[in-house]
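To start, the structure itself, in structure tokens.
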Amino acid sequence: MDSAAENTPPVEVKPTRVRFLVLAGLSSGFLLAYLPRAGLAPLATTIQADLTFDDLQMGRVLAAFYAGYFLFQIPGGILGQKLGNRLALPLLQLTAAIANLLTALSHSFGLIWFSRLLLGLAQAGMVPCSAQVIKNWIPEAKRGTASSLMGSFMSVGSIIATGLTASLVGPLGWRIPLVLFSLFSLCWMLLFFLMFRDRPEEHSGTNEAEVKLILSSVSSQESESQEKQSIPVRQLTYQMVSNGNLWLFCLQSVFRGFGYAFFITWFPAYLEQSSDASVQKAGLLAMLPLMAIVLGTLAGGRLIDLIYQRTGNKYFSRSLLSAGSTMICAVCILLASQVPADSAVYLISCGTFLSGMGNPAIWVTSMDLGGRHTSVIIAIVNMAGVIGGYLSPIVVGALFTYIKGMPMPDWNLVLYLFAAIYLGATLSWALINPRHTITDDESQPDR
């Protein structure tokens, strides 16, 4: 059973507009981050033709982002802790803008690969830093909804990038859209620094009641641990390595990262190859699954909060909701293999809607498992997702090469692969217990 504290209804305090501005700043930051991250996918075939890359080379270019993203997850979270997120987040956005300009200037495999690696390094710290901002600014009972905004605006950025680059590549080529994305990021960097403060008590726009509510949402475990001496790094490392929940949490992240990366890397090219769609049509159709992820993420965040508020049960609101949604997602993708390619996009979009419902659970479960180590835990889990994201474009690029070499190309093999991936995420989520932090003694009964 969950603790009585989990079942205690939250005190309602009307938030000031500052809390909304914090969420708006984070959300818009993720939107802008995903413009260069997802914007290369609709340009892939154009870049291949311009720079004479084959599918395997383009797969490595698309995967380079994830290599950098993997390497700087934990350092990025530490950067936020050392500098404060008011400095760290604008600094990361500035570096990302510079990296994206390098992509636009690239004329060789080496430079474009390095620029995508640098983009990944720059954007790696955004999730752990933003998770800490949510923990510092948002009461526990509202974190599912807040986290859903982060996830949904990531996909909004992917949608805009996919549609905008597909529309602009004809009249402007593939370089100019990337330059525009960098200019947007520079504007955000300046505005966020001027408007944001690391903690609500440091901002003149908050009131005393709101600050007390946010501070009171710190879990009893975290409050107790702050009164004690900090856990030694060696002991904390052992607790993380030996924690089965954390391993399962990382495993689902590998599967989900693999699946999502497909839609922001190879999916437009898949539509071109499987249905003979033009670059423009494939780019527009590729927006549908991403739009579905936005809606699913928003719905999932609200469901997490509702289920938790009604039951006080973290397993139901986090793990069970995510396991059920990814299982139905896998079924939708399997069904898509049995219909014509144009119709398959709609079934795939139903699947991505359901997969999106589990996105906020990743943020909230990181806070549940991490306690005061939230930024470290979400960085580790994000690193695991990056492994999937890195492997996805490489594996799919190799699969494309294999399919093209078949006497009768069977593009349904791509769908079979991703149905299996989402089933793997289902099994992982079903076994995760979010009721304990990594520093809890799990031999004790659930509280």
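Quick look at the values:
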quantity: Test set (1) open to solvent by 10 Å² or more (accessible area, probe 1.4 Å); (2) aliphatic (A, V, I, L, M); (3) modelled with pLDDT of 95 or more - A419 fails condition number; calculated: (1)
quantity: Tabulated pairs, segment 96-120, first touching a residue at least 24 places away in the same chain (Cβ under 8 Å), second basic (K, R) and surrounded by fewer than 24 Cβ atoms within 10 Å (Cβ to Cβ), C-beta under 7 angstrom, 6+ apart or interchain; calculated: A104/R175; W113/R60
quantity: Subset tally (residues that are open to solvent by less than 50 Å² (accessible area, probe 1.4 Å) and closer than 21 Å to S375 by Cα) for segment 85-111; calculated: 8
quantity: Among (1) charged (D, E, K, R); (2) in contact (Cβ under 8 Å) with a residue 40 or more places away in the chain; (3) surrounded by fewer than 20 Cβ atoms within 10 Å (Cβ to Cβ), the one test that K82 misses; calculated: (2)
quantity: Among the residues listed as R234, R197, the single one being at pLDDT below 85 and outside any helix (DSSP H, G or I); calculated: R197
quantity: Subset tally (residues that are under 29 Å from Q132 (Cα atoms), of a type in the set (A, V, I, L, M) and open to solvent by 10 Å² or more (accessible area, probe 1.4 Å)) for segment 385-416; calculated: 2
quantity: Of all residues making up segment 237-280, the number that are modelled with pLDDT of 80 or more, open to solvent by 30 Å² or more (accessible area, probe 1.4 Å) and of a type in the set (D, E, K, R); calculated: 1
quantity: Residues located in segment 163-185, provided they are open to solvent by less than 10 Å² (accessible area, probe 1.4 Å) and under 20 Å from A97 (Cβ atoms); calculated: T165, P177, L178, F181, S182, S185
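Table: residues versus (1) in contact with a helix residue (DSSP H, G or I) (Cβ under 6 Å, 6 or more places away or on another chain); (2) assigned to a helix (DSSP H, G or I); (3) surrounded by 20 or more Cβ atoms within 10 Å (Cβ to Cβ).
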| position | (1), (2), (3) |
| --- | --- |
| T297 | yes, yes, yes |
| T326 | yes, yes, yes |
| L334 | yes, yes, no |
| Q338 | no, no, no |
| A344 | yes, yes, yes |
| L354 | yes, yes, yes |
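The values are calculated or read from the model by the stated rules, or taken from the named source; none is laboratory data. Predicted model only: the values in this text are computed from it and were never measured. Please note: Cβ atoms are built from the backbone with ideal geometry, for glycine as well, and neighbour counts cover all protein chains shown. Accessible surface is based on the protein model in full, side chains and every heavy atom, while ligands, DNA and RNA are left aside. Shrake-Rupley method; radii C 1.70, N 1.55, O 1.52, S 1.80 Å.
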